[in-house]
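Okay, so here's the structure we're looking at.
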Amino acid sequence: MKFKTDRATLHQAASKLLSIVPPKSTLPILSNILFELDKMKLSLKVTDLDVSMTSTIDVETQKGGAIAVPAKVFYEIVRELPDFELEISTFENRMEIKCGSGIYKMSGFPPDDFPKLPDVHIGRQVKMDGKILARMIKKVLFAVSRDETRPALNGILWHTTEEGLNMVATDGHRLAKIIRADFKISGSGKDIIVPPKVLDNLVKLMGDDPGEIGIIINEGSIIFILEGAILTSRLLEGPYPNYEQVIPKENSKKVFIDKEILQAAVRRVAILSNSLTHQVKFSLKSDELELLATNFDFGGEAKENLKIIYGADEMEIGYNANYILDILKQADGNEIVFELNTSTTAAIIKSTQKEEGESYFFLVMPLRLLD
């Protein structure tokens with residue numbers, strides 16, 4: 001294999017791949033990038049056996065071929081090189097990089113040692129607006145469970161109904177759901193559970209102006225096709241728990257409050273909250289909210305009073321401050337509304353700002369108030 005390319009292009013392609021490469025693995029080959037050079041296209045491939053990625057760039061090819069080399073070492077070399085043309089060649093499972101007066105050599109592995117990545121049949125892709133897809137993912141990604149004893153909750157549920165595409169994530173303490181009326185990716189009623197790692201990487205790859213994204217759903221896997229990159233991931237096995245049964249239907253007590261004011265106040269008060277529960281007590285009175293946090297370990301106490309719009313019964317509710325802040329970060333607009341029933345039942349949190357063709361909400365469970 002032998003080719004020439006500019007350092008910046010190769011550096012950019014390699015940097016996209018690093019988050020997929022496992023930091024530790026019982027299979028040493030997984031810490032490598034597979035280089036495949038065919039005609040004027042160089043493909044760089046990585047996998048952790050669950051998520052795979054291929055990045056493709058145009059190069060000046062002198063001789064085709066393939067080799068797998070250590071990903072981290074290769075990336076660090078290319079990152080530190082000056083912005084000159086690179087000449088890269090291989091001979092008997094060794095790679096040589098020439099840049100200016102510098103020559104860098106490293107041992108690699110035969111391409112046959114690298115796991116075979118899934119085939120991609122581009123003709124089967126469904127095109128989606130990347131900006132809207134990224135927005136939907138961000139709205140729910142934070143609520144994915146990290147509890148490996150409930151593997152179905154370790155991903156985001158994609159559920160297509162007559163309403164459109166539903167995305168749902170929950171960890172049992174909070175839940176996020178978004179529906180997009182103009183998106184459908186499969187037959188009505190078909191559920192898939194997508195791992196967060198591939199979606200997190202997809203959002204980063206798309207950037208601010210992603211254009212259209214191609215999606216292919218196979219039995220047990222999902223493929224995302226971007227300009228110059230392909231992401232593949234296995235799907236998680238279901239079924240996804242029946243989340244609908246935890247969504248309250250009788251939350252008639254509504255609290256309207258400025259999002260940024262609440263966000264800042266919760267952040268401040270939470271500094272003196274319990275280091276394990278991060279509990280902040282919400283005391284509701286007529287048009288007034290008192291936030292209270294205590295930390296008995298060092299006798300700390302914080303209290304703030306905020307103006308709200310609320311006309312129902314007085315109530316005291318405990319929430320994990322981090323869960324509230326995560327939700328507020330994803331809520332649009334300047335004003336949010338808490339929909340409540342009792343101090344021991346789940347709250348629904350929504351933004352008062354609406355976007356056409358879209359609806360979303362967040363659910364958070366209360367904590368038992370400390371005495």
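Given the whole protein assembly as supplied and a 1.4 Å probe, what does the accessible area of D209 come to in Å², nearest 10?
The value for D209 is about 130 Å².
Would you calculate a helix-derived [θ] at 222 nm for the chain, using -39,500 (n - 2.57) for each DSSP H run of n ≥ 4 and dividing by the full residue count, to the nearest 500? Numbers along the way, then the final one.
Details: 6 runs with 66 residues, N = 371.
Calculated mean residue ellipticity at 222 nm is -5500 deg cm²/dmol.
So who's got an amide H within less than 5 Å of the one on A68, skipping anything under 5 residues away but keeping other chains? H placed 1.01 Å off N, in plane.
Counting only residues 5 or more places away or on other chains, the set is F35, F109.
Rounded to a whole number, what % of the accessible area of region 8-47 do carbon and sulfur atoms account for, probe 1.4 Å?
Details: 1100 of 1900 Å².
Solvent-exposed carbon and sulfur of region 8-47 make up 58 percent of the total.
Which net charge results for the neighbourhood of I247, defined as the other residues with beta-carbon distances under 14 angstrom from its beta-carbon, given Lys and Arg at +1 and Asp and Glu at -1? Write out the running numbers ahead of the final one.
Details: positive: R174, K177, K249, K350; negative: E244, E250, E339.
Residues close to I247 contribute a combined charge of +1.
Under the definition of Cα pairs under 8 Å and six or more residues apart, what whole-number percent is the relative contact order of the chain?
Numbers: 815 pairs, mean separation 45.9, N = 371.
Over the chain, the number comes to 12 percent.
With contacts defined as alpha carbon pairs under 8 Å and 6 or more residues apart, what's the relative contact order of region 1-108 in percent? Show your work: numbers first, answer last.
Details: 222 pairs, mean separation 34.1, N = 108.
About 32 percent, as a whole number.
Taking only Cα atoms, what is the 0 to 90° angle, nearest 10, from helix 130-141's long axis to the longest principal axis of the chain?
Computed tilt is about 50 degrees.
Residue by residue, what Karplus-based ³J(HN,Hα) values in Hz, rounded to whole numbers, does region 287-297 have, using 6.51, -1.76 and 1.60 with θ = phi - 60° and x for Gly and Pro?
Each residue's phi maps through the Karplus curve to give 6, 8, 10, 9, 9, 9, 9, 9, 9, 6, 4 Hz.
Would you mind checking which residues have amide H under 5 Å from I156's amide H? H placed 1.01 Å from N; only 5 or more apart, or other chain.
Amide H neighbours of I156: V194.
Could you provide, to the nearest whole Å², the per residue accessible area of region 7-98 with probe 1.4 Å?
On the way: 4520 Å² over 92 residues.
Here the residues of region 7-98 average 49 Å² of exposed surface.
Output wanted: per-residue J couplings in Hz (rounded whole) for region 153-165, from phi through Karplus 6.51 cos²θ - 1.76 cosθ + 1.60, θ = phi - 60°, x for Gly and Pro.
Here the 3J(HN,Hα) series is 7, 7, x, 9, 6, 10, 9, 9, 10, 5, 6, x, 8 Hz.
Through the Karplus equation 6.51 cos²θ - 1.76 cosθ + 1.60, θ set to phi - 60°, convert the phi angles of region 142-151 into ³J(HN,Hα) values in whole Hz; use x for Gly and Pro.
5, 8, 5, 6, 9, 7, 6, 7, 10, x
May I ask you to rank E358, E304 by accessible area, largest first, using a 1.4 Å probe over the protein chains only?
Values: E358 25, E304 50 Å².
These residues rank, largest area first, as E304, E358.
Which residue, chosen from I349, F142, S252, occupies the Cα position most advanced towards the positive end of the dipole of the chain, where the dipole is computed from +1 (Lys, Arg) and -1 (Asp, Glu) charges on Cβ about the Cα centre?
F142
Return the label of the correct value of percent of Cα pairs over 30 Å apart, as calculated from the structure shown, out of (1) 50; (2) 39; (3) 35.
Structure-derived value, by its label: (1).
The values are calculated or read from the model by the stated rules, or taken from the named source; none is laboratory data. No experiment lies behind these values; they were computed from the predicted model shown. Quick reminder, even Gly has a Cβ in these numbers, built from the backbone with ideal geometry, and neighbours come from all protein chains shown. Surface accessibility is based on the protein's heavy atoms, side chains included, excluding ligands, DNA and RNA. Shrake-Rupley method; radii C 1.70, N 1.55, O 1.52, S 1.80 Å.
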